[in-house]
Every structure is written in C-alpha cells, then in structure tokens.
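In what follows, a structure is listed as structure tokens, so that the remarks can point back to it.
Rule-based calculations on the coordinates, nothing more; no lab input. Note that this is a predicted model, so its numbers are computed, not measured. Glycine also receives a Cβ, built like all others from the backbone with ideal geometry; neighbour counts cover every protein chain displayed.
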Amino acid sequence: MSFIDRPHGEVPSLDQGAGNQGGNLPKAVPARSNSNENNGLTAYDVWLTVKEAGKLLGITDRAVKKNCKNKKYTTKMVQGNGGKQYRILLSTLPKKGQMRWRKEHMELFDQTVSAGFSSLDLTELPELYLQTPAYNRRKYDKYYPFFQSIGFFDDLVLPPLRELEELILHWNNEHAIYPIGLKSVYKMAKELREEGVEAFFGGYGRNRGKHWSFRELKKQGLDSVVFGTFRKTYLQPSAPSIRQCRELAVEVAIRAGFPSTDSLPSASAFLNRLHDDLEHEYGVSGKAATYRARHGLAAYERKYGHYLDRDDSDCPAAYAWVFDHAQLDIMVKAPENQRLVRFWISAVLDMRSWKVLYYVLKTSTPNSQDIIDVYLGAVARYGVPNTVYLDNGKDYRSKDFSGRTRKVRIEHDETWMRSVLGQTGVARVIFATPFNAKAKRIERWFLKLHEGFERILCKGYTGTNTVARTDELKRMIKRGDVLGYEDFIVMLDLFIDYLNSKKTDKRSKLQGLTPNEAFSRFYEKRPVLDRGVLASLMGRTGNARQIGRNGYEDVEVSKRLGYKALYWGTWMSAWKGKKEKVYSRRDVSSPGKAHFFSEDTHEFLGVGYLDFFRVRSLAEAEEEQQVLHKAWASVNDERKRVKHAIEAPSAGVSGLEVFELRIFDNGKLKKNMPLQPGRTGTDGNIPSIKELDDLNERMIRSEAQRIPESDDWDI
C-alpha cells in the first residue's frame, strides 16, 4: 500500500468552529464526499489529536504543534478541556503515519472503503493482454494469479491484515519467480478500484509521441546545433553529468527560438542517440567510446580494452623470470634504532608457475645492487634462466645488471657482455612497456600480498593513499602500535610460503595446481654456476683502466673514501705498462675486495685488495706493523722476480761473442793483427791511458744523470 504525498507548499488550515467538548470528540466523522483518493482515507475525515499524531509519526507533541503552526498538515482548532486544541487531518500526515493508523484500524477501513467500488469487468482482459507489449505484461503475470486466488474480484475487498500476510507468505514460497509484498498488494488493490483491469498492465511507453523527436528537430533546422551541443559537452574528460549537458542543449534551443523546451527529448534519449551515432559512424561500442572520452585511456583499457591471453604451454618452469620491486604499505620498527620504516621488497617470479623464487627486503629505495642480489640468489638455487622480463626503471636498465641504458639500446656488445645477465648466460632480456602494470605478472602477485597480508595485519597499515589512511590508522602509527622487525619477517616468510603452496582455480593457467606443484611438474634443468663465480658477480662494475705502478685505481671508490683508492693483486705485476685495460666488480658497501676482468676478452684475471700499499707513516701499532711488513714483502717479492727474470740464463750469443765471431776469416782466427792507423774513434792515434780514464768518467756522469729518481725503494 502506498500513499500520495501532498504537493509542496503550505497546506491551508480549515478554519472551522469549535467541535465537541473535551474527550467526547469522535475519532471519525462522516465524509463530505465519496472520493477514493489516497487509499480511501479521505472517504472519512479522520481527525487526530496532537498526542495521537505524535505517536504515529514518532515525534514529540511539541514538534507536532510546530508543524501545525508551519501549516504542514491540514488542521482545525477545537475547544477542549485545556482550551483551544489542534486537530490534524489523517490524510495530510506523511505516509509513514498513515500506514501505522491503517494497520491499527484495518477492519474498519476495509469494511467502509469497499462500499463505493463496483465490480471489475474481467472480459476485457484477453483483448488488453494481446494488445499490450510483452514488457508491460509482466505486471499482469505477477499480480493477476494472486488476486484471483484470494477471491479479490468478488467484492474487491482484501482479507484482514493477519490473514493477508499469511497468504502472501504462502504464495511467495510457491512462486519464487514472482514474489510480492504487502505494500505492493495494497497499492495494486487501490489501482484496480480506481482504474479497472487496465491497472494490471504496465504503463511504459505511454508518453511516446508526446515529446518532440530528433526528426522534428531536423525539420526545424536545430538538430545539429542542439544535439551537437550535448555531444560536445558530454564527451569531455571532465565528465559532466548528463543532466547538465541536456540543460546546456536546452539553453541553446531557447536561444535558437525553439517553441517549447519542455517537449525536447529527455536526457536518456540524448545519450541513447549518442551511443547509436558512435556505433553507426565508427563501428564501435557507443558506451565504450563515451567511457573512453570521459574517463581516459587507462580506465577504458581496464573495463573495455582487449587483453592478450598468454599461452604458457611452451614455457618450462625456471625458463623465464619476472623482476620488480614495490614498497609495502605497512610501518615496521627497524632493527637498528627502532625507528618506523616502510620496507621495499625486490622479488623474482617464475613466469610458468607463478612461484616466488627469491626476494630481498631493504629500508632504502632499491638500486641495481639489490636487483643483482635477488637475481644471483635465485640463480644459486634454480640455475640460470633463458629469458628475463624486467621493469623499465633505471635500476633495471643499468649496465651492471642488464647491459642496457636508457639512452641507447645495446644488444650484444662489450656493455652487454660485462653485465651480470650476459656473464651468467641469459639469452634474452625483455623490458616491459613503461607505465604498464598489466605487462608484468608480478604486479598481480604484489596485489595478493597487499590484500592478503598488509590489510589483514592492520597494525601499522598506512593505506595506499591519504584517503585510505583513516584517522584511526594514523593514531595507531603515531603511538607506535606496529610490528617489530623480527615478527614482521617471520610473518612475511610464512605468507609467501602460503602463496606458493595455495591451490589455484581449476580454470586458471595452473589448473588447480599450487605454484610449488606447477614448478616441480614443469621444471626443466637449467645451467648451474659455481659459487665462486657467483661471488665474483655480486658487485658493481668499475671503469675500465690500465694497471698502474701500485695497481688499479677505482674512481668511484676514491670519491667515496676521499683519497686515491688503489687495488692490488700479485697477478697485476704482469699487467704493468700494458695498454690493455681491465675492469672490476666490487660491493659498493664493502669495497675491500674486488674481482677483475679483461675488457677485451672478459676473462677473469684475479682478485685485488684495497689499499694494499697504503701504510701508516709511523706504524706504531702491531696491526699497522703487520700491514707494513706485508706490503714490504710484496715489494721485495716483485723485485726478486724482476731480478730473476733479467738474470735468468738463456740460449743465444752476446754482443761480445758476435764481435769475436767477426774476427774470424774463413773460419780461422787472425792473431797478432796490427792496429791500422785511422780506424779508431780519435784522430787515428791510439789514445793514452789518461784520455781513456777521462772518457770513462764523463760517460759515468752522463749515465747517472739519465737515471730517474724513484721512491720504489722507500719504506
């Protein structure tokens, strides 16, 4: 049962004379008309006291009197025991109060309102049913069988309330397709009494033809400007409402001299035509096109855009890996000083099995070294992959890890060969499309981590943005109600193990297998690297340089330390003075040891140690004495090797022996050969002994001046 709301505005008060005195005022008096409006309540002028009206409406007597003064109800003044009192007409109360009164006086109401109705002419139903569209017959199919079963058509009277409620409950149990309610039954009975059997049929489309169509707008020559205004305004990225867009079209029509703006098509008609025009003009979905225009490409791709369904049947487990990192949306107490931090997680995911192979946590923003650590940690466990799928960030594009920079695309050159991926034997590196999270499967794994771990923990949860960060979460973080580092690590490990062992849907790519089961089933053995080789690849790459007198200078380490940082290894003795260059790999956080490779062949040369020849001037402490003795021993060792190298006997003829051979004539030695004049370096005379001594002294002094000063011998 429903009630008709009174129109807005003031309700006139009935200025009638005083009625009966005191409590003898009747609750109902005979009606002045036989109106059937408002569920028949106006058939009797039911006047209520202030207290009765307040009880029905659930408000105080004071509020009822205030509403009476504001003329929200139809009222009259009567003389009571306490003076003049308000009497309020029931039919002018809100429908909530009318419904309560009707339930309390159901029997009186049903008996009195039935007198003014005539019987229904059911013979019209078959013809009306055939002439009515299918979408308007649903109302008939829902209500006619019920009203027929309760015998409503005999006297147009519904059963009492309690009995009617039981009948409706029993009907709904047997007819679940068309359930009905008590209110709708009363409303339907009212419509049948007022309209006859036509009330059984819906009224959709009754106003068809009453509005100006777009065809009429074309005849007026206003279609293009009116509809064009709606189209141009609605297809804006600011997404204005459809009502505002129609109002602008109406304003344009008024300015163009349209005769009646009320007869313009409705807002939904404008939108339906826009969808149809886009479909016929461009062969696309009208809804999808308008959504793209109003919400942007990213939102369109998520809702209407195509996606590529990747078939993983040709990809074994451990064959292709996906890398990425993300910052967790949860505050944790750091282990060093108990400050609150948000950890970054760098992880590698197997593309075939969706198993997380390895991950690293850090409090600072991830860099290339963290990615190298994740990669080599997974390689140590599962072997070298064939294909690596990387993000487009600069840390993934570093020459140390992938051999590719942002400026130049490098395929197979020295930078690629010097990279970790190149040296471990990765055949293919794929970089994801920038700003495209759908391209990386690991993004969906991060979403599972966020939904199933961070949100569930709640303690320290920061939310993905300021809107998701409620006041309670802020207070929780402020008072330090967060997890400790040790507890957090244990919980995270357990949750990642849970994801790796969780059953998947049978319709998914894994067909009900867990990631661990899929990895074991589809695994194909991959090349395994020696741990020593992996250790040499853990560091960052230094610049290619020649070996100097005291070893290899690392410019980056020198900048960090503030002095000339030199690495030395015994193998470097053979590389002094060579034009060939070498490059290093070292851990930036612990640069005491570095591994060196040839720039030309990328062959591993050996290990170098930082500040090998850097000693204290006084060297008073025992540790400083040991460093000094070690460096001095290396200096002596190289001196001995150099001395042995130049003094080692070898086959061949010396210069003296060559000159001795020249004095043979036909294989015979000429003895007592006289010295011929003019064949010496002087004027032809044999120099005296004094002259020879002077010559030797000058030669010695000249040779001494040519020897450069050296500090190789200083301690």
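I'm checking a number: the convex hull volume of the Cα atoms of segment 214-303, normalised per residue, in Å³. What is it?
Output value, Cα hull per residue: 87 Å³.
If contacts are Cα pairs under 8 angstrom and at least 6 residues apart, what is the relative contact order of segment 122-200 in percent?
36
Over all alpha-carbon pairs in segment 539-610, figure out the percentage whose distance exceeds 16 Å.
Result: 38 percent of Cα pairs exceed 16 Å.
Quick one: which residues, 5+ away or cross-chain, put their amide H under 5 Å from the amide H of residue 330? H built at 1.01 Å from N.
343, 462
Give, as a single signed number, the net charge of other residues whose beta carbon lies under 13 Å from the beta carbon of residue 85, with Lys and Arg counted +1 and Asp and Glu -1.
+3
What does the net charge come to around residue 646 if you take all other residues with beta carbon closer than 12 Å to its beta carbon, with K and R at +1 and D and E at -1?
Result for the neighbourhood of residue 646: +3.
Given Cα pairs under 8 Å that are at least 6 residues apart, what percent is the relative contact order of segment 539-610?
Computed over segment 539-610, the figure is 33 percent.
What does the charge count near residue 124 come to, summing +1 for each Lys or Arg and -1 for each Asp or Glu among other residues with Cβ under 14 Å from its Cβ?
-4
If we sort 445-452, 91-98, 80-87 on the protection proxy, mean other Cβ atoms within 10 Å, highest first, what's the order?
Descending packing order for the listed peptides: 91-98, 445-452, 80-87.
Mind checking which of 646, 597, 634 is farthest towards the positive end of segment 592-647's charge dipole, using Cβ charges of +1 (Lys, Arg) and -1 (Asp, Glu) about the Cα centre?
646
How big is the Rg/Rh ratio for segment 122-200, C-alpha atoms only, Rh by Kirkwood, two decimals?
Value, to two decimals: 0.95.
Pull up all non-local amide H partners of residue 358: gap of 5 or more, or a different chain, and H-to-H distance under 5 Å with H placed in the peptide plane.
Under 5 Å from the amide H of residue 358 lie the amide H atoms of 348, each far enough along the sequence or on another chain.
Applying a 10 Å radius around every beta-carbon, put 66-77, 372-383, 140-151 in order of their mean neighbour count, most first.
Top to bottom by mean Cβ count within 10 Å: 372-383, 66-77, 140-151.
Given H placed on each backbone N at 1.01 Å, which residues far from residue 548 in sequence or on other chains put an amide H within less than 5 Å of it?
HN-HN under 5 Å from residue 548: 553.
Enumerate the calculated ³J(HN,Hα) couplings along segment 71-79 in order (Karplus 6.51 cos²θ - 1.76 cosθ + 1.60, θ = phi - 60°), each rounded to whole Hz, writing x wherever the residue is Gly or Pro.
6, 7, 10, 7, 10, 8, 9, 10, 8
Distance cut-off 32 Å, Cα to Cα: go down the list 76/190; 564/640; 448/478; 355/559 and report the pairs above it.
355/559, as the Cα separations exceed 32 Å there.
Can you compute 3J(HN,Hα) from phi for each residue in segment 618-625, using the Karplus curve 6.51 cos²θ - 1.76 cosθ + 1.60 with θ = phi - 60°, rounded to whole Hz and x for Gly and Pro?
With the stated coefficients, segment 618-625 comes to 8, 6, 7, 6, 5, 5, 5, 4 Hz.
Quick check: residue separation of residue 593 and residue 298 times 0.36 nm, minus the Cα distance between them. What number comes out in nm?
Length gained, residue 593 through residue 298: 101.4 nm.
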